[in-house]
Amino acid sequence: FQPPPPPRLKESKVIWLTNSFGKRIPAFFIECPKDDRTGEGIRAPLPGEQPQGGGGGGSYYSKGSTKSQMNHTLATGGSRTNGAGNAVTPPSYNNNNNGGEEGPQQVPSTPQIRTSKELEMSLLNNGRIGGGPSAPGGGGNASCTPTILYSHANAEDLGNIYPWCKFLSKMLGVNIFAYDYTGYGLATDQGDPSEEYCFADVTAAYTYLNQTLQIPAHSVLLYGRSLGSGPSCYLAAKTAEEGEAVGGLILHAPFLSVYRIVLESGCTLPGDRFANVDYAPFIRSPVLFIHGTKDSIVPFNHSERLLDTIIEPYRADPLFIKDMGHNNVHASVRPLFVERLREYLDTHIL
């Protein structure tokens, strides 16, 4: 574990959770713009897409279309024969210096970070999180907008993942709920990080979504990047075994287990941590693997081998990006990245 320096995050926007060990961890909720009539999340357009007509805010991307109207060539990825998917790097579309958060076209509104009080008032007043039609009878959360439960990588915290989470919310038309592990960010005073705390942390985050905000399991998608693949695989398997599997699982640069990153043991050794390979066979949600073929930290074949352990009906077409490394989704591949995530959502979730 390598927690980064304390973040510059406004504590007024932090949602505080308490895990089963009594540790307090911070989180934030990003709500995407929604169509007032349908409650569907509004997606910002990719390069070459034309804004779509429509009421209540004007949906900029038609969710019924799974292929982008882009003028440049996108890689399709997913080839397990050559390990690279014959990927082609698309041209960059970023035109500013804020990490690719904004594209060249205007969108009607942007995702907003919400406090716990705002979320609970929205649920009380509308029977759901966000605008749109309320739940039948006024109870439960009728939202058709998925919420991604984001588990970040090592050496990250809420402060430095916020721009990336806002980008995902804006381009995918989804809500994002991200949290810090015990010992990270504003939770550095809660003790040292551990596997047990990470599992308790992600469970506390999911419980907040599912029980406090009344978001059903099928509307929650887990997204785990690198270290975050550990708690995400654990929770996906746990919810499946409990009979209420989450709606989906996105594994970005995941590993088989911590020891296997440096030593091919052939089995899970005593003391190994985050043995994703042991949880994967029990997952009952569509799983999308994302990995760069030039990853020098977590070998690319970890995703290929994990994919083999997922039961066939739950294997989504993977996204293996040629020449991409471990730590960044460069602006040049972001159109491809967004396109494939949208296809996954449209095919398996929405």
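Does F199 satisfy the criteria of being in a helix (DSSP H, G or I) and without any contact (Cβ under 8 Å) to a residue 60 or more places away in the chain?
So F199 passes the test.
Which one is farthest from T145 (Cα to Cα), of the residues in the range 9-67 that are of a type in the set (A, V, I, L, M, F, W, C) and at pLDDT below 90? Applying the filter and picking the extreme gives L9.
Results for (1) part of a helix (DSSP H, G or I); (2) at pLDDT 95 or above; (3) closer than 25 Å to R128 by Cβ, shown as yes or no for each residue.
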site: Y234; (1), (2), (3): yes, yes, no
site: R260; (1), (2), (3): yes, no, no
site: L269; (1), (2), (3): no, no, no
site: F274; (1), (2), (3): no, no, no
site: D295; (1), (2), (3): no, no, no
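Search the range 272-283 for residues being touching a Leu at 6+ places or on another chain (Cβ under 8 Å) and farther than 18 Å from N154 by Cβ, and hand back the single one that is surrounded by the most Cβ atoms within 10 Å (Cβ to Cβ). Step by step, filter the range 272-283, then rank; the result is I283.
When the range 297-313 is filtered for residues that are open to solvent by less than 10 Å² (accessible area, probe 1.4 Å), more than 15 Å from M324 (Cβ to Cβ) and either part of a loop (DSSP other than H, G, I, E, B) or β-branched (V, I, T) (or both), only I310 remains.
Of the residues that make up the range 226-244, is at least one over 22 Å from N19 (Cβ atoms) and either in contact with a Lys or Arg (Cβ under 8 Å, 6 or more places away or on another chain) or not polar (S, T, N, Q) (or both)? Yes, the range 226-244 has at least one match. Taken over the range 213-247, residues that are in contact with a Phe, Trp or Tyr (Cβ under 8 Å, 6 or more places away or on another chain) and on the phi > 0 side of the Ramachandran plot amount to 1.
A count restricted to the range 8-46 and to residues that are open to solvent by 10 Å² or more (accessible area, probe 1.4 Å) and either more than 18 Å from C198 (Cβ to Cβ) or among the β-branched types (V, I, T) (or both) stands at 18. Is it the case that the range 208-219 has a residue that's under 23 Å from P318 (Cβ atoms) and either hydroxyl-bearing (S, T, Y) or open to solvent by 10 Å² or more (accessible area, probe 1.4 Å) (or both)? Scanning the range 208-219 turns up at least one residue that is under 23 Å from P318 (Cβ atoms) and either hydroxyl-bearing (S, T, Y) or open to solvent by 10 Å² or more (accessible area, probe 1.4 Å) (or both). Cβ-Cβ distance below 6 Å, separation of 6 or more or different chains: which pairs start in the range 262-278 with a residue that is within 19 Å of P231 (Cα to Cα) and charged (D, E, K, R) and end on one that is open to solvent by 50 Å² or more (accessible area, probe 1.4 Å) and not in a loop (DSSP other than H, G, I, E, B)? Sorted first by the residue in the range 262-278, then by its partner, the pairs are D272/Y259.
The set of residues in the range 286-296 that are within 18 Å of A245 (Cβ to Cβ) and either in contact with an Asp or Glu (Cβ under 9 Å, 6 or more places away or on another chain) or buried (at least 23 other Cβ atoms within 10 Å of the Cβ) (or both) comprises V287, L288, F289. Of the residues L263, L269, L249, the single one that is crowded, with 16+ Cβ neighbours inside 10 Å and of a type in the set (A, V, I, L, M, F, W, C) is L249. Which members of the range 152-193 meet the condition of being among the small types (G, A, S) and either out of contact with any Gly (no Cβ under 8 Å at 6 or more places or on another chain) or part of a helix (DSSP H, G or I) (or both)? Matches in the range 152-193: A155, G159, S169, A178, G185, A187. Every condition in (1) free of Cβ contacts under 8 Å to residues at least 60 places away in the same chain; (2) open to solvent by less than 30 Å² (accessible area, probe 1.4 Å) holds for S229 except the one numbered (1).
The values are calculated or read from the model by the stated rules, or taken from the named source; none is laboratory data. Everything numeric in this text was worked out from a predicted model, so none of it was measured. Every residue, glycine among them, receives a Cβ derived from its backbone with ideal geometry; neighbour counts consider all protein chains shown. Accessible surface is based on the protein model in full, side chains and every heavy atom, while ligands, DNA and RNA are left aside. Shrake-Rupley method; radii C 1.70, N 1.55, O 1.52, S 1.80 Å.
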